[in-house]
Structure formats: C-alpha cells, structure tokens
Amino acid sequence: MPSVYIKTYGCQMNERDSEAVAAQLEAKGYTLAPSEAGADVILLNTCSVRDFAEQKALNKMVNVIAETRRNRPDVVLGFMGCMAQSRGQELIDRLPDVDLVLGTQKFHRAADYLEELLAGRREKIVDVAAERGSEATIREHLPNGSAKKSVTAFVSIMQGCNQYCTFCIVPYTRGEERSRTIPDIVAECRQLVSQGVREITLLGQIVTSYGKRGNVSLAPRGTSGERGRVTGNVENRLLTPALSSFGEEREKTPFVQLLDAVHEIEGLERIRFTSPHPKGYGDDLIEAYARLPRLVEHAHLPVQSGSDRVLKLMHRGYTRTRYVGIIEKLRRAKPDIGISTDIIVGFPGETEDDFEQTLSLAREVEFDQAYIFKYSQRRDTPAAEMPDQIPQKIRADRNQRLLEVINEIAKRRYGAFVGRQTQILVEGPSKKNPARMTGRTRCNKIVVFDGSERHRGQLMDVKITRAGSFTLYGDPAILGED
Ligand code: 5AD
C-alpha cells in the first residue's frame, strides 16, 4: 500500500483536519510517512489567514516538486484546506505538477480521490464545492499505539464562520457556520476517553456561536430533528434555566449545554475550548467555569484591538469596555484563570492613538499570553479595500512595541508561579529536550520537568522552580501512585 506524508500549516482546526485525513487513509491501508522523502502521496494542508502562511506552503510545494518530479514522477501531490479552498484551480494553473486540490468541506473524500489519481483513472482533481453535512465528517482519530498514548485530543464541534470580520478570510475559506450535534460530539469524546485521552479541547472558529444558526438541528442526523432540538438525555438541559447576573431565568446557550454534556463523561479529566468570541460570551459561560470542575481555568479570548474605533472598523461587535468586563467577571469567578488573546496591529486606518489604546488594554488586562499579528491584506475582504493601509514599517514597529509590553507582563505573571505548587497533566517528552517531560497547568502554562515516559497521562503536582519565556520549570512534588 502507498505511504502518505501530510504537512500542516496554521491553526488547531487544521491540525485536527490533517489528523482526520491521516486516520481515514490509515484505515484504507496507507502507511503514514514521517517526511516527504520516499512518500507516495504528499499533501500540504494549508492556511490562508495571513499572506505569509500562503507563501510558506507555496514555496514548500515548489521545493517538493523540484525534489520529486525528476526521480519519482508518480508521486501524487496535493493541496488541501484553506488555501486550496480559496484558490482552487488557480493552484494547478500556477503549479501544473499538483494533482489534487481538496477544499475544506471535502476532507472525507481524500481517500477516494487519491485512489483515482494513483490508479491513473483521473489526472487532476479539484473539488472545492460546498457539501451539506461535512461538519460531521471530521471525526476519525488516529488509533493510539500503546507506546505513544495520546493524553490530549482535539474535537471539532463546528465548521465555518458568519461573523465576517472585515480583515478575515475565514468565512470564505471555511464557509457558513454549521454545528455538529451534541450526541455526535459526546460519542466522539467518549470514544477518545475510552482510548486513554484525559483532556479534550473543543474546536471551532467561534465556539460561542455553536448551535445558534437557525438551520442547525442538534438532533443526530437521520432523525426527524426539529430546529435546535436536543435529544437523548441532554434534552432536559434545554429546560434547565441558568441564572443570569440579573437574577432572571434564562436558557443556557447551546455551547454551554454541550459543555455540560461533555463534562459528564466519566474518566475525562480536563475540558478546554477554543476560540470563543467576546460578542457571544454570556454569563452562562462564565458561570460554567465556576460550576464545572473539569473545565480548566483558561480562556483564549481574541480581542484584536484596544480601540473602539478600530473594533468597529473590524466589525467585531463589541467595545473595549465589554471585553474588559468579561475578563473581570472571569477573574471574579476564577482568580487563577489564564487569559490569552490575539491582537492585530496595523489594521487600515489605525492611528498612533488607536495603537496606544491597544498598548493600554494590554497593560490593563495583563494577558498571560498574546499572539500578535501584523495586519495582512486578504483577497476579497473589505479591509483590503479600506483607505489608509498602514506602511509595513509601521506595522513592524507596532508589532515590536506591543511585543515588549506583552513579554514584560508575561514575565511578571510567569515569575509569580515560582515557588508555587501546581497541578499539571503530563503530555509527553519536551520537544526541545526529549530527555525531559512536559505537562500543562490548568491555566495552560507549559511546565518542563525531569520525568519519564511512565508519567505520561498522569495528573501530578509539581513545584515551580524557575520561569522562562512562556515556559515554567518544575520539580515533581508528589510523584503520583507509582
Ligand atoms: N491579518 C493579520 N492577522 C489576522 N488574523 C486573522 N486575519 C488576519 C489578517 N488579515 C489573526 C486574528 C485571528 C488570528 C487567528 O489571526 O488575530 O484571531
């Protein structure tokens, strides 16, 4: 059987999609190659969110073509994911050696298409069409070899985005928002837990919009589900009111209902999710942190800018005051919560004053971690056509200035852990130094310590001895049972 190598660019959603494709191909008998050398099929799962990500994948393909075409002309080469979706046929016009272009709603067709290409029945395949129900097809996980048991897993709960932030290409690459059903997601989580997974991260472009679209039925596919109806033992929860801060009774949002349902899975130790949106961040979600012990104290809440004027131009749908208010409530519910964010600098029309408001927001909120992005013009997005595009030099300069503030705050916040004892879930050997192990605190900080394979998958207490750049170093305080 052929071997396949998949290289992934971009976000956790892409990692998850690649894993689902790999699992699908492995089930058909493919072997998974550790690199492109010698692989019969080479797939690049691409990202379009910034131009840099697209250029990286394009350059990689040019190199792969140069390496393979001379000596191994039969190797099948493909692009899949976001850039495949947004560029389609154009990719083959530009790089005629590419055989397959697979869009974001077609991952489940990978095995069929590869078979046709490998058998020579078709020469080129481009499929970037929309497909109803494709949100429920990202479900296969790679079976765990016993030696390398996965401790953590991603579960895709929805696809697409309807927010249309003016800078963002995602609504065009991922399509309309579509959610899987609660029973379907819970079944996948249960399966993972039965294989030894202890921490699950629920994934979606905007998880706080989960189940909100009018055309979404939460009943399993194939049943006569009404709009928004929840079936099975989850049904009752629709009737369980959550108390809002005003004391009135209110229904829980579908996302919080999903958290409740996943939280009941026996053996699951930790639940995370990414990413929520400030617009849909209701009090029921804040209360969930206080109520659900397995929902760990971490929130990745993208803010993008500290200036209300820029937030409006970005079409974000909230103000700085609203954002800060959410953070305050989260910290009131969970004082140790870790807060991370995404920030864009150099959005069209961003003045020095706007940028300084972003700096002041960073100081006010004191993020534990922030991912800073220089604004990148994306095709067909409204912001790409806006006046006052900011010169690259100013984008780079603001990036640097914000980075300094973020790093200084993070240094203080990470430093505050030194001397404290904290719980980690051990994930595996450290990438930088495989002789050491890494785990994560509940608040999402990476802890490196001297340990061994036998600690993998354990929840253990470590004493923090040192803080590095976005990393803590620890000493096991209690070495579990063994
Ligand atoms: N330019 C720069 N950064 C962007 N992001 C999304 N679109 C762009 C763009 N056009 C950033 C946002 C988002 C993160 C995943 O990528 O901060 O939250």
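Values quoted throughout were computed directly from the atomic coordinates according to the rules given, and no laboratory measurement underlies them. These numbers come from a predicted model, not from an experiment. Methodologically, a virtual Cβ is constructed for each residue, glycine included, from the backbone with ideal geometry; neighbour enumeration extends over all protein chains shown.
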Residue tally, condition free of Cβ contacts under 8 Å to residues at least 12 places away in the same chain and either crowded, with 21+ Cβ neighbours inside 10 Å or in a loop (DSSP other than H, G, I, E, B) (or both), over region 65-79: 2
Single residue of region 391-403 satisfying the filter (within 14 Å of the ligand (Cβ to nearest atom) and within 17 Å of F52 (Cα to Cα)) that is surrounded by the most Cβ atoms within 10 Å (Cβ to Cβ): R395
Quick check on this structure: which one of T181, T166, T201 is of a type in the set (S, T, Y) and away from the ligand (no atom under 16 Å from the Cβ)? T181
Criterion first (surrounded by 20 or more Cβ atoms within 10 Å (Cβ to Cβ) and touching a residue at least 24 places away in the same chain (Cβ under 8 Å)) does V447 satisfy it? yes
Exactly one of these conditions fails for G160: (1) touching a residue at least 60 places away in the same chain (Cβ under 8 Å); (2) closer than 22 Å to T381 by Cβ. Give me its number. (1)
Could you list, in sequence order, the residues of region 367-381 that are outside any strand (DSSP E or B), buried (at least 16 other Cβ atoms within 10 Å of the Cβ) and of a type outside the set (D, E)? F367, Y375, S376, R378, T381
Sort out which residues of region 347-382 are more than 13 Å from the ligand (Cβ to nearest atom) and among the hydroxyl-bearing types (S, T, Y), and write them in order of number. T351, S360
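Residues in region 18-26: is at least one closer than 20 Å to E90 by Cα, of a type outside the set (D, E) and either in a helix (DSSP H, G or I) or touching a Phe, Trp or Tyr at 6+ places or on another chain (Cβ under 9 Å) (or both)? Give the steps one after another, and end with the answer.
Looking only at region 18-26, we keep the residues that are closer than 20 Å to E90 by Cα, and these are none.
No, region 18-26 contains no residue that is closer than 20 Å to E90 by Cα, of a type outside the set (D, E) and either in a helix (DSSP H, G or I) or touching a Phe, Trp or Tyr at 6+ places or on another chain (Cβ under 9 Å) (or both).
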Yes or no: region 16-33 includes at least one residue that is on the phi > 0 side of the Ramachandran plot, out of contact with any His (no Cβ under 6 Å at 6 or more places or on another chain), touching a residue at least 40 places away in the same chain (Cβ under 8 Å) and not aromatic (F, W, Y). no
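Within region 277-318, which residues are under 22 Å from T381 (Cα atoms) and in a loop (DSSP other than H, G, I, E, B)? Show your work before the answer.
Initial filter on region 277-318 (under 22 Å from T381 (Cα atoms)): 277-279, 302-318.
H277, P302, V303, S305, G306, S307, M314, H315, R316, G317, Y318, listed by residue number.
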Can you tell me which residue within region 284-317, out of those that are under 22 Å from the mean Cα position of the chain (by Cα) and of a type in the set (S, T, Y), is surrounded by the fewest Cβ atoms within 10 Å (Cβ to Cβ)? Y289
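For region 291-309, indicate whether the set of residues that are hydroxyl-bearing (S, T, Y), touching a residue at least 12 places away in the same chain (Cβ under 8 Å), out of contact with any Ser or Thr (no Cβ under 7 Å at 6 or more places or on another chain) and within 16 Å of the ligand (Cβ to nearest atom) is non-empty. Spell out how you get there, then give the answer.
Restricting attention to region 291-309, the residues satisfying the condition of being hydroxyl-bearing (S, T, Y) are 305, 307.
Right, trim to touching a residue at least 12 places away in the same chain (Cβ under 8 Å) and you get 305, 307.
Filter once more, so that each one left must be out of contact with any Ser or Thr (no Cβ under 7 Å at 6 or more places or on another chain): none.
The answer is no; no qualifying residue exists.
Quick check on D336: is it more than 12 Å from the ligand (Cβ to nearest atom), farther than 14 Å from P302 by Cα and in a loop (DSSP other than H, G, I, E, B)?
Details: more than 12 Å from the ligand (Cβ to nearest atom): yes; farther than 14 Å from P302 by Cα: yes; in a loop (DSSP other than H, G, I, E, B): yes.
Yes; evaluated as a whole, the condition is true for this residue.
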Are any residues in region 410-425 more than 14 Å from I337 (Cα to Cα) and surrounded by fewer than 18 Cβ atoms within 10 Å (Cβ to Cβ), and if so, which ones? K411, R412, G415, V418, G419, R420, Q421
